[in-house]
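The values are calculated or read from the model by the stated rules, or taken from the named source; none is laboratory data. Please read all numbers here as calculations on a predicted model, not as lab measurements. Don't worry about glycine lacking a Cβ; one is built from the backbone with ideal geometry, like all the others, and counts go over all protein chains shown.
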Amino acid sequence: MKIIFILIFILFEIGFTKKNVIAKIPEASGICYSKSRNSLFVVNDEGKIYEINKQGKILKKKNLGDYDLEGVACDNESLFVVVEGDDSLLKVSQKSLKIKKKISIKRKFNGIRILQKDKEHGLEAITIENGNILISNQSYNRYPKKDSSVVFQINNTKKKKAKIIKVFDHGYFDIAALTYHNNQLYMISDKKNLLIVYDIVKNKTLKKIKLPKFAQEGICFDNEEMLYIADDNGRILKFNAKKLGI
């Protein structure tokens, strides 16, 4: 198994070239694939959201406001975007890129203050698992300490406030990217440059893949098993997932 991980790392190193950069978006911090539009949505730290095609061409963009956007998830005709700082979600129309609703997330779960308002930690990534919204709190603290490094599920997005109803204590720090694909949760630890494949039913790590050192902030797969990574240094990278053994 160790040999496989080393091989994957070598493939990433070899494949990580200019040809993998399909778009340049300043401070790209999240990415998701929309099945309904067959396109990608990217957010950045400056409050902007972009729609790009799978070749990297920018189709449209919009400034949502004075927000530090850190992750985006695609769900039918809507997008859910996490805002760092005030720990909230924006529900956004995929078609118009207009904000439909802002949803605040209550900070406590079973008496533990999972979300601590500070400048270092906060909401960092989001994905949708069979209709359930999963969000990463980027932190260096172990659960059940306050401000824990966990992935959590919220109860709904129909109201203006949501509760944390489930916590996944994965045991990793600084999770900056999430996506749910083929019944598995993919997480990237930015600090460790590590791609983790995780089974949320069994709460078990299935695979760990070492990545080249760069600022990974978002991850997603499209309908053709292509893997996209949003890089905070301003790049959108595209890889063939199968060739990488993922």
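Couple of notes before you dig in:
- All positions within the range 63-92 that are touching a strand residue (DSSP E or B) at 6+ places or on another chain (Cβ under 6 Å), of a type in the set (Gly, Ala, Ser) and over 19 Å from Cys220 (Cβ atoms): Gly85, Ser88
- Matching residues in the range 201-223 - criterion: being among the hydrophobic types (A, V, I, L, M, F, W, C), part of a strand (DSSP E or B) and surrounded by 14 or more Cβ atoms within 10 Å (Cβ to Cβ): Ile209, Ile219, Cys220, Phe221
- Checked against (1) of a type outside the set (Ser, Thr, Tyr); (2) in contact (Cβ under 8 Å) with a residue 12 or more places away in the chain; (3) surrounded by fewer than 20 Cβ atoms within 10 Å (Cβ to Cβ), Asn155 meets all criteria but (2).
- Elements of type strands (runs of 3 or more DSSP E) contained in the range 14-102, each with 1 or more residues being among the basic types (Lys, Arg): 48-52, 58-63, 88-93
- Against the test of being surrounded by 14 or more Cβ atoms within 10 Å (Cβ to Cβ), touching an Asp or Glu at 6+ places or on another chain (Cβ under 6 Å), part of a loop (DSSP other than H, G, I, E, B) and hydroxyl-bearing (Ser, Thr, Tyr), the options Tyr143, Tyr180, Tyr172 yield a single qualifying residue, Tyr143.
- Applying the set (1) buried (at least 19 other Cβ atoms within 10 Å of the Cβ); (2) in contact with a helix residue (DSSP H, G or I) (Cβ under 9 Å, 6 or more places away or on another chain) to Tyr198 leaves exactly one unmet item: (2).
- Considering the range 158-169, the residues that are within 23 Å of Lys101 (Cβ to Cβ) and among the β-branched types (Val, Ile, Thr) include one that is surrounded by the fewest Cβ atoms within 10 Å (Cβ to Cβ), namely Ile165.
- Residues of the range 225-246 that turn out to be among the charged types (D, E, K, R), in contact (Cβ under 8 Å) with a residue 60 or more places away in the chain and in a loop (DSSP other than H, G, I, E, B), as a count: 2
- Which numbered condition Val81 misses (of (1) more than 16 Å from Leu134 (Cβ to Cβ); (2) at pLDDT 95 or above): (1)
- Tally, over the range 44-72, of residues that are surrounded by 20 or more Cβ atoms within 10 Å (Cβ to Cβ), within 19 Å of Asp87 (Cα to Cα) and without any contact (Cβ under 8 Å) to a residue 40 or more places away in the chain: 3
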